[in-house]
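The values are calculated or read from the model by the stated rules, or taken from the named source; none is laboratory data. Note that the structure is predicted; figures quoted are calculated from it, not measured. Counting neighbours? That spans all protein chains shown, and the Cβs are built from the backbone with ideal geometry, glycine included.
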Amino acid sequence: MTNAISFDAAGKPHFYSGFDELDFILNNTIKTGVARFPVNLLLEFEDNLDAAAHPLSNAAVSGNSALSFPVLTNLKSQNKEYGFDLSVGQTKNKNDVQFGYSWYRQEQDSVLASIAESDQRAPTNILQNKVYAGWKLRPNTVAQFTWWYGRVLNSNLENNAAKVAGVQEPWLTRMQYDLVYTF
């Protein structure tokens, strides 16, 4: 969970921000001269209209009955997500191939962390690059390779994946291989 959490007087956790999402998505496929190699473009902008005006710090302080996190008034709301995905090809028919690149900048309370992309560096508060390729081996099987390269946007925020306040996390690189079987 990378969204900001606040605690009530009884020590019970609650989301610090509300979530009222405004999401603009442009998804377009451009035909080329070769039917098996269309160009696919996806652009996305997301704005959480109910996010808190300022985020919480990663530096916890002890209160009467629970931990509290000071508000970082020098930072604006962490409510935006920007991203794009560009690929060539498809994985519809046997021996189809697809190659692509994605880039996302996702602030801490832009979306509910529990429903964000599960394979990226962290659910939110990230800058994420993704290079991928897929090959349709059989009518029901796709082999995929994904290279993830990302880091935490702001390590001073509560619940950041880096766990160290004030230190810029290095870029994390990892590779993922998938064999997707459909039935």
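Quick grid of which residues meet (1) within 18 Å of the chain's Cα centre (by Cα); (2) of a type in the set (Ser, Thr, Tyr); (3) surrounded by 12 or more Cβ atoms within 10 Å (Cβ to Cβ):
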position: Thr2; (1), (2), (3): yes, yes, yes
position: Asp8; (1), (2), (3): no, no, no
position: Lys12; (1), (2), (3): no, no, no
position: Ser17; (1), (2), (3): yes, yes, yes
position: Leu22; (1), (2), (3): yes, no, no
position: Ile25; (1), (2), (3): yes, no, no
position: Asn28; (1), (2), (3): no, no, no
position: Lys31; (1), (2), (3): no, no, no
position: Pro38; (1), (2), (3): no, no, yes
Exercise. Do we have any residue at all in the stretch 111-118 that's farther than 28 Å from Lys31 by Cα, in contact (Cβ under 8 Å) with a residue 24 or more places away in the chain and β-branched (Val, Ile, Thr)?
Worked result: yes
Seminar exercise, completed: Exactly one of Val167, Val152 is of a type in the set (Val, Ile, Thr) and surrounded by 15 or more Cβ atoms within 10 Å (Cβ to Cβ), and that residue is Val152
Seminar exercise, completed: Condition set of a type outside the set (A, V, I, L, M, F, W, C), assigned to a strand (DSSP E or B) and over 21 Å from Leu42 (Cβ atoms), scope the stretch 139-167, selection modelled with the highest pLDDT: answer is Thr141
